[in-house]
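Since every read-out is calculated from the coordinates, none of them should be taken as a lab result. All values reported here derive from a predicted model rather than from experimental measurement. Please note: Cβ atoms are built from the backbone with ideal geometry, for glycine as well, and neighbour counts cover all protein chains shown.
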Amino acid sequence: MLNLNQPVNATGTANEEVYKILIYDRFCQNILSPLIHVKDLRKHGVTLYFLIDKDRKPVHDVPAVYFVQASQQNVQRIIADASASLYDSFHLNFSSSIPRTLLEDLASGTLNSDSIQRISKVCDQYLEFVTLEDNLFSLAQKNSYVQLNDPKAGDREIEEIIEKIVNGLFCVLATLGVVPIIRCPRGGPAEMVASALDQRLRDHFLSKNNLFSEGGNFVSSFQRPILCIFDRNFELSVGIQHDFRYRPLVHDVLGLKLNRLSVQGEKGGMKSFELDSSDPFWVANGWLEFPEVAVEIETQLNKYKKDVDDVNRRTGGTDGAEFDGTDLIGNTKHLMNAVNSLPELTERKQVIDKHTNIATVLLGEIKERSLDSYAKKENDMMVRGGIDRNELLGALKGKGSKMDKLRFAIIYLISLETINQSEVESVEAALRESEVDTSAFQYVKKIKSLNVSLASANSASRSNIVDWAEKLYGQSISAVTAGVKNLLASDRQLALTRTVEALVEGKPNPEIDSYLVFDPRAPKSSSGGGSSHLKGPFKEAIVFMIGGGNYMEYGSLQEHAKRQQPVKHVIYGTTEIITGVEFVEQLTLLGQKMGLGNTGAPPSSIH
């Protein structure tokens, strides 16, 4: 794209000698941000870059590369730029495919202003997703959980959200160049997305410019990946739980966004850091528990000091060593080696300093909010299916922010097999005492109480879009809590990981036998049939979570994939990556929409 849609040269960069300007909108800025740094833009000949909605001055004799969403507003702005002759030529790249009506508007608008000759190219890039790591992507669709579970949402609104999710997933598959076998649980948003994506792929195969005709390396049917689609209600607890591993902590506590975060520097003032695959410490130690990470930082620091001493010693920097001219050649060699090792040592020191800073800020938060104890108690509750009453109330009256206490209380609620009314009431009282808005707690409680009556609901009425939200909640929470007992592996495996493992292996398994199968390449009538290649085993999986995902789930899947023999390749994607706090805020919003919430607490003290 940066090479004006020509193939890049052997080094993987665009032609530097062609200077160009890059114009993007906010959404596409987020797509670019984790992938390419400003210094890299220079390598591709990009000298200036602007947001599309900013006022810009004309720059003559220079091509402009536009990377924007296909929206009415953006198209109108492009027409205005072209008719004002801001740039010499326009290379337009839309993040997904531009609808015909907008393309016609673009054509007639540029024709009327006599600027159509400036438009060099219009490309559909199918890049409507944010790639955070090689195996992690997000569709950056905010509040999808609220929108899909809003009791007041009409069919039309639900369909629009499903359509947006399908469009994002289609872009991911088009970029990977694969047509997967799609599996999902019956009912709810997962089935709606799966069947709509299946249809979208079938329609696309009939079009003239089929993006999948090459099929990448996945030509033979058994090499196709499996796409497993789930909905956040499948395992609600993971969206809320505290985790004590480094990556989830950095995301949940410090608000890692688009691989960047800002923390208080050691000398005061805010410092901004990037955490991505170019940081060796982050890659190697991201899934360790926090105390192990602190030890690892210490180890790396000592190793660095030792290496610096080594260099000093070799280059005659030691005390009292007399310089002897006879070893001139040897000394010169040492000096050369020392000079060569300096950049590497400097880089290592920067990484160590960065993580020391981040770990120090984290440690402060952990101590102040007792996050280690929350993580441990929540994990115990999910495994044991409950907690001692005194321990429960002690935690709610102890350290921690209002949100920490609310998350803890909701996990307690989810972990219960049967609700003990008096205990739940004392939890509510403790929350109100801490002036916590209980809407989210009431919401999960209501859904949990619907479990019992809904477990026996007949499946025929389940297809009704409007009432699936409540039903699915009911079933999934009870399924998770009932399944907790057999999760007693040493490192409690998430239900999601276990289910994905079963789907990838493709052996008969009562947990997934009812899951739907879609094969977009098969004739419509046989889709969902039992042909053997649909069942696996698969070497590669794409796992997609509707309604918000997080690093805890991503980590669980990656660790599991690495332990397999041979190693499996799993990509994890979600509508948006959200922290526990952000997810509970969405639950709170739903609680308020359903008219649940604080009873008896003074309204002024809710937040």
Obtain the nm distance between the two label points defined at THR346 and ILE419 by a simple spin-label model: each point lies 7 Å from its Cα along the Cα-to-C-beta direction. 6.2 nm
Please work out the FRET efficiency for the pair ARG100 and ASP155, using the Cβ-Cβ distance as r and a Förster radius of 35 Å; give the result to the nearest 0.05. 0.90
Answer with one residue from VAL283, VAL339, ASN259: the one whose Cα lies farthest towards the positive end of the charge dipole of segment 258-369, charges on Cβ with Lys, Arg +1 and Asp, Glu -1. ASN259
Pulled fully out, how much extra length does the chain show between LYS562 and ARG521, if you take 0.36 nm times their separation in residues and subtract their Cα-Cα distance? 11.8 nm
So, in nm, how far is label ALA107 from label LYS43 when the simple model puts each one 7 Å beyond its Cα toward the Cβ? 3.9 nm
Full extension between ASP372 and GLN29 adds, at 0.36 nm per residue less the Cα distance, a length in nm of 119.9 nm
For a protection proxy built on the mean count of beta-carbon atoms within 10 angstrom, sort 282-292, 339-349 highest first, please. 282-292, 339-349
Label-point separation, SER278 to ARG260 (7 Å along Cα→Cβ), nm: 1.3 nm
Report the calculated FRET efficiency for LEU206 and ASN337 (r = Cβ-Cβ distance, R0 = 56 Å), to the nearest 0.05. 0.30
If the cut-off is 27 Å between C-alpha atoms, which lysines fall inside it for LYS448, apart from same-chain ones fewer than 8 positions away? LYS142, LYS152, LYS376, LYS377, LYS397, LYS402, LYS405, LYS471, LYS485, LYS593
Partners for LYS354 among lysines (Cα-Cα distance below 22 Å; same-chain residues under 8 apart left out): LYS39, LYS257, LYS267, LYS271, LYS303, LYS305, LYS306, LYS367
Rg from C-alpha atoms of segment 258-369, normalised by the globular rule of thumb 2.2 N^0.38 Å, equals 1.40
Around GLU365, under 14 Å between beta carbons, what's the net of Lys plus Arg minus Asp minus Glu among the other residues? -2
FRET efficiency for GLU511 and LEU4 from the Cβ-Cβ distance with R0 = 45 Å, rounded to 0.05, comes out at 0.30
Correct semi-axes for segment 189-315, from √(5λ) of the alpha-carbon gyration tensor and rounded to whole Å with the largest first, are 44, 23, 15
Length gained, THR360-LYS142, 0.36 nm per residue minus C-alpha separation, equals 75.4 nm
Shape call, segment 20-126: gyration tensor on alpha carbons, a/c limit 1.5: oblate
